[in-house]
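First up is the structure itself, then whatever we jot down about it.
Nothing in this text is a laboratory measurement; each read-out follows from the coordinates by a stated rule. If you're wondering where the values come from, they're calculated on a predicted model, not measured in any experiment. Cβ placement follows ideal geometry from the backbone for every residue including glycine, while neighbour counts extend to all protein chains displayed.
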Amino acid sequence: MARFKQIAQIQQLMSSKEQIRNFGIIAHIDHGKTTLADSLLAGAGLLSTQMAGSARVLDYLAEEQKRKITIKTANISLLYKTGDDRYLINLVDTPGHVDFTGKVTRALRAIDGAVVLVDAVEEIMAQTEIVTRQALEQRVKPVLFINKVDRLITELHLSAEEVEKKLNRIMSSFNDLVELYGEEQFKDEWKVDAAKGNVAFGSALHGWGFTLDLAKRKGMKFSDVIAAYLKADYSGLQKILPVYAAVFEMAICNLPNPKQAQAYRVDRVWSGLRYSKVGKAIAECSDEELTVICVTNVQPAPESGSVITGRIFSGIVKKGDKLYCVNALRETVVEKAYVYMGSFKEEVNQVSAGNIAVLEVAETLTAGETLVDVEHKAGMVPFESINYVSEPVMIVTIEPNDPKDIFALLKALHKLITEDPNLAFSVDKETGEYLLSAMGELHLDVALNQLKTVSGGIKITVSPPRVVYRESVTKKGVVAAATSPNKMNRFTVQIEPEEEQTNQLCMDETASVVSVDEQRNVLVDCNGKTEQISEDVLEPVIGGFEFACKAGPLCGEPMRHVKVNLLDLQVSEVADQRSSTEVMHSVGKAIFGSFLTAKPVLLEPVYKTVVTVSTDLAGECSRIIETRRGKICAFQQKGLLSVITAYIPVSETLGLSKQMRSATSGRAFWQNILDHWEQVPEKLAAKIILEVRKRKGLAAEVPSAGRFLEEG
């Protein structure tokens, strides 16, 4: 196939930084990302124009073909010729479903620009806002492609003036996102304007598209597009205004090359000193400097080690290179170097700075790893950790039917977790259950299907999905003291709520933060007591705090947004009398005692649900939402469609897909986005707490505060 012939030319262009563009296609689900990607592949000579739109080349997983959605990110390196110029396009197609947003987040680390694709009928949707915000936070410059313009003509029957008005509204809404989420220094430059050439319009399915400048050069007006559709002859548009030409031209002219981008992205993606040797190497994107790689995706290698995808920010990497894994604290060897060609990998001699590489390495690594030349490992600062916009809120219990398959199951689970950062696996120490957590029902379903494949077909039993909960408090608790079992150590704490909305902790001048966990529970030293103890004592104090927060006293669910004020600590001077176990036990006991007097509550995750449906079915969809404790907060009319925005507890969305499809004959489309955590109604909370305690093998009654509080 043609892709093999291009490898030599692609490798020649790798060192010509000005001729490289690293960009991805990001959008709300079903707005046409993968269809557009097909057209771009056709424009680069890798696919026939007749196949573009139906081949779904970058959706090569069986699960993607079956569901007709993108599940993983797909990379491909394209050679694009325009006139006498040649460009290397490192293209990334990303998922649009919110359950796979974590993969979008990682992909953004590797690219410099993003083609934000918007359906002309549905306009800016919930996921459009999420992925645009993610891009802006990573300093990834956006351009806009308004897709499915044909629907405005064939379905909505809009006039040229009405179409222009609608397109202007989409551009204005997109610029509102840039104004809201963009950094001050980039806002004006990164806002879109059709006159600037950073907006394209078209139909990826029908293969045509244009920027204003391109249409002017071709002597085409929008009235010509309408006329073509009125004659049911849009094939001519594809020849005059091929969509790939519009998108490639827009990207090449408006998106930065890697040398330009790294100069301003280095401060956002890397936390080291900007003017250090490494900082300068990253900013300059030089082949001559030390090798620095940010790993964005990991898959287990066929035999051993890992196949990693990553952005080379500096230097050149080739087979045999020794690299240091900054997070894993060990060395590894590059066994092979590739560039991705969709589902294929093409081996190359080397990959240079500013490109997206695929490397087979000897070690088992994880996404987010930082690789550097071994000789420069001393003091190397890793890339900033990736912050995901959501977290796993649905969970199932899994176990092999045959106990002897447990190790095969654990190996398969490890493979899944390595590849997907938004899956979580844990073992409940109280029940011994193996727990797999995911973002939602679809994410969970896909993960379980993948598990069957990677486990070699071992038979497993899976429980019905359930929702995770959190424990919190609504007022300040009592001052609680706890003495260690040997009576030689004593800790005094007081619990209070840590407001979710506040970005900074509200503390007096004498207080200092000792530890913050992933649920934003905070341990605060109120009187400088931790400054007076050694590190070997402070560690178990923090350990006791973290252990207590992982399983609260209501029903063993993690605490969330709880502030633990450490008021006093008295520690034995004799090392043998202040063991880690003694310290952790007493700290946890004091926390539980105060927690149970602070009006504890159970929190449940709440989705922001956006439903798009024909107007005649909007009433039925609203009724279904309201029967599931949903609260409708917005209702918009977009042409023949209605868009309903509501908040629904995650627990109430189990089975929602089946009910919605049945009620609307499959004509409704919706996205569930984790929005916030909310207090469960008191009567319902009591029932849930009892159910969870029974499932975990705990006593039916929630323990009283007196069980943990010292008398007097």
The value for the stretch 130-207 (convex hull of the alpha-carbon atoms, volume per residue, Å³) is 104
Helix 535-550 sits at what angle to the longest principal axis of the chain, using alpha carbons and giving 0 to 90 degrees rounded to 10?
70
Violating pairs (Cα-Cα greater than 18 angstrom) within the set Lys196/Lys259; Lys404/Lys459; Lys166/Lys638; Lys231/Lys638; Lys322/Lys377; Lys415/Lys696:
Lys196/Lys259; Lys231/Lys638; Lys415/Lys696
Using the charge dipole of the stretch 261-376 (Lys, Arg: +1 at Cβ; Asp, Glu: -1 at Cβ; taken about the Cα centre), state which of Val326, Trp270, Ala281 has its Cα farthest towards the positive end.
Trp270
Which of the aspartates and glutamates could be linked to Lys280 by a straight reach, that is with a Cα gap under 14 Å, when you skip same-chain ones fewer than 8 residues away?
Asp267, Glu288, Glu289
For Glu331, residues with placed amide H under 5 Å, excluding near neighbours
Cys325
All lysines inside 17 Å of Lys694 as judged from Cα atoms, apart from same-chain residues fewer than 8 positions distant:
Lys429
Within the set Lys345/Lys411; Lys318/Lys345; Lys33/Lys148, which residue pairs have Cα atoms separated by over 19 Å?
Lys345/Lys411
Correct option for mean projected area of the Cα convex hull in nm² [calculated from the coordinates] among (i) 39.1; (ii) 33.8; (iii) 52.1:
(ii)
Which residues' amide hydrogens lie under 5 Å from the amide hydrogen of Ser515, considering only partners 5 or more residues apart or on another chain, with H built in the peptide plane?
Leu523
Calculate the dipole size of the chain relative to its Cα centre from +1 charges on Lys and Arg beta carbons and -1 charges on Asp and Glu beta carbons; express the result in debye to the nearest 20.
1740
Running Debye on the stretch 261-376 with equal point scatterers at the Cα sites and no solvent, what base-10 log of I(q)/I(0) appears at q = 0.12, 0.13, 0.14, 0.19 Å⁻¹?
-0.37, -0.44, -0.51, -0.95
Tilt of helix 126-137 relative to the longest C-alpha principal axis of the chain, in degrees (0 to 90, nearest 10)?
80
Relative contact order of the stretch 296-353: what whole-number percent is it, with Cα pairs under 8 angstrom and at least 6 residues apart?
30
With Cα coordinates, the longest principal axis of the chain makes an angle with the long axis of helix 441-454, in degrees rounded to 10, of 90
